[in-house]
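Here's the structure, in structure tokens; my notes come after.
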Amino acid sequence: MSSITDILLAPEGEKKINWVERNMPICRALAKEFETSKPFQGLKITLSVHLEAKTAYLCRLLAKGGAEMHVTGSNPLSTQDDVAAALAAGGMEVFAHHGCTMEQYDADLRAALSCGPNIIIDDGGDLVHLVHTEMQDLLPGVIGGCEETTTGIHRLKAMDRAGELKFPMVMVNDADCKHLFDNRYGTGQSVFDGINRTTNLIVAGKYVVVAGYGWCGKGVAMRAKGLGGRVIVTEVDPVRAIEAHMDGFEVMPMDEACRLGDIFVTVTGCSGVITPAHFVQMKDGAILTNAGHFDVEVDMAGLHAMAESHYEARHNIEGYVLPNGKTVFVIAEGRLVNIAAGDGHPAEIMDMSFAIQALSAKYLADHRGSMKPGVVPVPAEIDTAVARKKLETLGIRIDTLTPEQKAYLGLA
């Protein structure tokens with residue numbers, strides 16, 4: 001039995017899902033294929049991904065393949081209640097509430113898992129963590145799972161190194177057709193969609209501090225530059241720091257950048273990136289945002305503890321008055337700004353990512369019983385198939401190696 005905020009919101013959610021379906025041609029093609037082949041017939045899938053329209057369409061795609069879907073969100077602020085209602089109205093089991101407490105969020109995760117899933121689709125690792133720690137009775141029924149994001153991959157690799165991972169997990173995030181486009185172009189655009197719609201302020205001429213220069217950080221820095229921002233990158237990796245420098249950005253420690261920034265975006269996948277030692281040095285009016293999976297990159301607990309007061313400055317923006325009289329502003333409580341303050345990545349980008357997800361889940365179903373526990377790369381043939389389909393939808397043609405060229409390259 002679904003647990004959502006309001007089933008009467010379903011018509012508005014349906015409009016959103018219909019819109020993204022129109023703009024996700026790869027997933028549309030897979031839906032037609034899966035409807036015939038039924039790769040998930042008889043299987044239960046529990047999915048925890050930011051519950052908005054693109055995710056909803058992925059759920060329907062998997063359901064067309066025969067899966068019994070049990071769905072929840074992966075962040076209390078990213079669930080869209082109207083989308084959750086649309087899925088529930090269509091008969092899917094949905095457990096998700098926008099703005100819920102962490103207790104309710106945990107209860108929703110457990111409810112989605114209570115079906116005894118055969119495949120887990122995770123975003124950040126919360127489902128896999130629960131199954132391995134507090135719901136171990138579910139382990140025998142799990143064929144495997146797929147992980148959507150960088151943070152989740154970090155958690156899985158740590159479990160794998162410790163010998164704790166009990167089933168195969170496909171690293172969807174590390175597929176080329178995911179991280180090269182979703183993390184870079186999707187994050188880059190959606191972060192500023194969220195910042196701009198929430199603040200109604202200009203980026204041009206301002207210092208934008210980007211913490212982390214992985215694929216997501218590259219995308220954020222690129223978009224900030226395109227909007228006219230003066231970009232500063234902070235890094236702990238020397239190679240990425242050189243790359244940021246050669247890409248034309250200033251590079252310095254956060255201890256220095258904190259005094260210059262007007263807008264801060266953390267995209268590290270780590271904790272304690274911006275701390276009270278930095279808050280006190282910031283400009284009056286500095287804006288803090290996070291685009292990493294968990295709300296630990298900007299030290300919100302430290303900010304609450306040191307602030308003399310805080311108030312709602314605008315919807316989804318909280319102002320914190322510091323002891324020195326300055327005020328700093330935080331968007332979306334330090335949670336994922338691109339989805340807690342926006343609609344997430346563009347549909348065309350998620351078309352590739354969710355095609356990878358769907359095909360990786362199919363790979364698990366097709367190879368059930370023959371895969372060992374551990375982290376598993378996305379098979380190259382899946383990446384290539386999605387890339388070719390994307391080119392086809394764009395009307396782009398490319399060259400093909402001749403037999404002589406294949407022989408020259410040792411591929412024949």
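Could you calculate the contour length gain from A385 to M1, that is, 0.36 nm times the residue separation minus the distance between their Cα atoms, to one decimal place in nm? Each step should come with its number before you reach the end.
Values: separation 384, 0.36 × 384 = 138.24 nm, distance 3.70 nm.
That pair, A385 and M1, stretches by 134.5 nm at full extension.
Where does the charge balance sit around E164 when Lys and Arg score +1, Asp and Glu -1, over other residues with C-beta under 13 Å from its C-beta?
Spelling it out: positives minus negatives among the neighbours equals +3.
Go ahead and run the numbers for FRET between C270 and D176, Cβ-Cβ distance against an R0 of 22 Å, rounding to 0.05.
0.40
So with the 1.4 Å probe, I'd like the accessible area per residue for the range 1-129, rounded to whole Å². Don't skip to the answer; put the middle values down first.
Working: 4710 Å² over 129 residues.
Computed with neighbouring chains in place, this is 36 Å² per residue.
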- prompt: Stretch D255-T133 to full length: gain in nm at 0.36 nm per residue minus the Cα-Cα span?
  reply: 40.1 nm
field: Cleavage-rule hits, trypsin sites (Lys or Arg not before Pro), the range 330-412, DSSP coil, Cβ neighbours within 10 Å at most 11
entry: R397
Filtered GluC sites (Glu not before Pro), the range 62-152: DSSP coil and at most 13 other beta carbons within 10 Å: E134
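Rounded, prolate or oblate for the range 336-412? Axes are the square roots of the Cα gyration tensor eigenvalues, ordered a ≥ b ≥ c, and the cut-off for rounded is a/c under 1.5. Mind showing how you got there, number by number?
On the way: a/c = 2.77, a/b = 1.29, b/c = 2.15.
Cα axes put the range 336-412 in the oblate bin.
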- line: Plugging the Cβ-Cβ distance of R368 and M306 into 1/(1 + (r/R0)^6) at R0 = 51 Å yields, to the nearest 0.05, a FRET efficiency of 0.45
- prompt: Once both labels are modelled 7 Å past Cα along the beta-carbon direction, what's the K38-E103 spacing in nm?
  reply: 4.4 nm
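The values are calculated or read from the model by the stated rules, or taken from the named source; none is laboratory data. Keep in mind the model is a prediction, meaning the values are calculated, not measured. Virtual Cβ from ideal backbone geometry, glycine too; neighbours counted across all protein chains shown. Surface accessibility is based on the protein's heavy atoms, side chains included, excluding ligands, DNA and RNA. Shrake-Rupley method; radii C 1.70, N 1.55, O 1.52, S 1.80 Å.
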